[in-house]
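Structure, as structure tokens:
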Amino acid sequence: MNIVVLVKQVPDTAEVRIDPKTGNLIREGVESIINPEDRHALEAAISISEKQEEGQITVLSMGPPQAIDAVCEALAMGADRGILLSDRAFGGADTWATSTTLGMAIRRIGEFDLIIAGRQAVDGDTAQIGPQVAEFLGIPQLTYVRNLTVEEGKVTAERVLEDGCEYIEAPLPVLITVLADLNDPRHPRVDLALEATSRSSPIEVWNAADIGAKAPDVGLPGSLTQVIRTFTPKGARDTEYLEGAPGQIAFTLIERFRERDIRLGE
């Protein structure tokens, strides 16, 4: 079974800061990690592959050159092949342009049975990439998956909904986005990490020309949305402490409610 896993390198959210002047994320000096839910996607792929006699796990990531560290870590966990999409032409991409780029790369990869991704990235929280890649490729999609089995050319998955869950089947090929509840990701192996960083590493770096992408379709020109400004909302509150006897405090509180046109339940 040939599986493609979508992986993104993100800043460690515990250390993310925003430049008050530019409104941009400050990435300098901030540790980068594999997006947490993507690790669960990779673990799912490895677990499925271990039950198959043949096949390959290809990790696909898009980002600046340093994102190759995330691809190396994925190989150290057990992936067979890594591809990093890195080109200035990809810069400034929104989810639409990013999905287009990933979809074009998957078409170049060739035949696949399954695509697995984390539900969403912690630096965006849109949960749009997986579904948009599936639409680009014209294949079924199963999102918010917390349990799945793959057998006899189909996937059976448990999907989490707002008011419960559902069990659904889909034929291969299919794209799945997974939740952290799905599994416990394994740790990277030292021997595989050394192999991933060696000269014979099975990692390729592709640019726009390699996937046949045209400038108007990717990066900022290919984006349907643009971020104008990013900022941290001010959380200051005007707090008033009421003093006096309980009856007086209650009377004052009711008056404050009336001043703000807040109606109490009858």
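Any residue at all in region 222-235 that is in contact with a helix residue (DSSP H, G or I) (Cβ under 9 Å, 6 or more places away or on another chain) and surrounded by 13 or more Cβ atoms within 10 Å (Cβ to Cβ)? Yes, the conditions are met somewhere in region 222-235. Could you please find all residues in region 50-85 being touching a Leu at 6+ places or on another chain (Cβ under 8 Å) and either without any contact (Cβ under 8 Å) to a residue 12 or more places away in the chain or of a type in the set (Gly, Ala, Ser) (or both)? Scanning region 50-85 gives SER61, GLY63, ALA67, ALA74, ALA76, GLY78, ALA79, GLY82. Going through (1) surrounded by 14 or more Cβ atoms within 10 Å (Cβ to Cβ); (2) within 19 Å of the chain's Cα centre (by Cα) one by one, ASP184 falls short only on (1). When GLY91 is tested against (1) of a type outside the set (A, V, I, L, M, F, W, C); (2) over 15 Å from the mean Cα position of the chain (by Cα); (3) modelled with pLDDT of 95 or more, just one condition goes unmet, and that condition is (3). Annotation note: of SER61, SER49, the sole residue that is touching a strand residue (DSSP E or B) at 6+ places or on another chain (Cβ under 8 Å), hydroxyl-bearing (Ser, Thr, Tyr) and assigned to a strand (DSSP E or B) is SER61. Where strands (runs of 3 or more DSSP E) fall entirely within region 131-183, those with at least 1 residues that are more than 17 Å from VAL4 (Cβ to Cβ) are at 141-151, 154-161, 164-171. ALA74 satisfies every condition listed in (1) hydrophobic (A, V, I, L, M, F, W, C); (2) surrounded by 24 or more Cβ atoms within 10 Å (Cβ to Cβ); (3) not in a helix (DSSP H, G or I) except (3).
Taking region 130-154 as the search range and keeping residues that are at pLDDT below 95 and of a type in the set (A, V, I, L, M, F, W, C), which one is farthest from the chain's Cα centre (by Cα)? Looking at the filtered set, the residue picked out is VAL150.
Looking at region 196-238, which of its residues are part of a loop (DSSP other than H, G, I, E, B) and among the β-branched types (Val, Ile, Thr)?
Matches in region 196-238: THR197, VAL218, THR225, VAL227, ILE228, THR230, THR232.
Which of the residues spanning region 87-130 are among the hydrophobic types (A, V, I, L, M, F, W, C) and in a loop (DSSP other than H, G, I, E, B)? Passing the criteria: ALA93, PHE112, ALA121, VAL122, ALA127.
Every listed requirement among (1) in contact with a Leu (Cβ under 9 Å, 6 or more places away or on another chain); (2) of a type outside the set (Asp, Glu); (3) under 30 Å from ILE46 (Cα atoms) is met by GLN226 save one, (3). Per this entry, ASP125 is counted among residues that are farther than 25 Å from PRO171 by Cα and free of Cβ contacts under 8 Å to residues at least 12 places away in the same chain. In region 1-34, the qualifying residues are those that are acidic (Asp, Glu) and over 14 Å from the mean Cα position of the chain (by Cα), and the one that is modelled with the lowest pLDDT is GLU15.
The values are calculated or read from the model by the stated rules, or taken from the named source; none is laboratory data. Just so it is clear, the model here is predicted, and its values are computed rather than measured. So basically every Cβ, Gly included, is an ideal-geometry build from the backbone, and we count neighbours across all protein chains shown.
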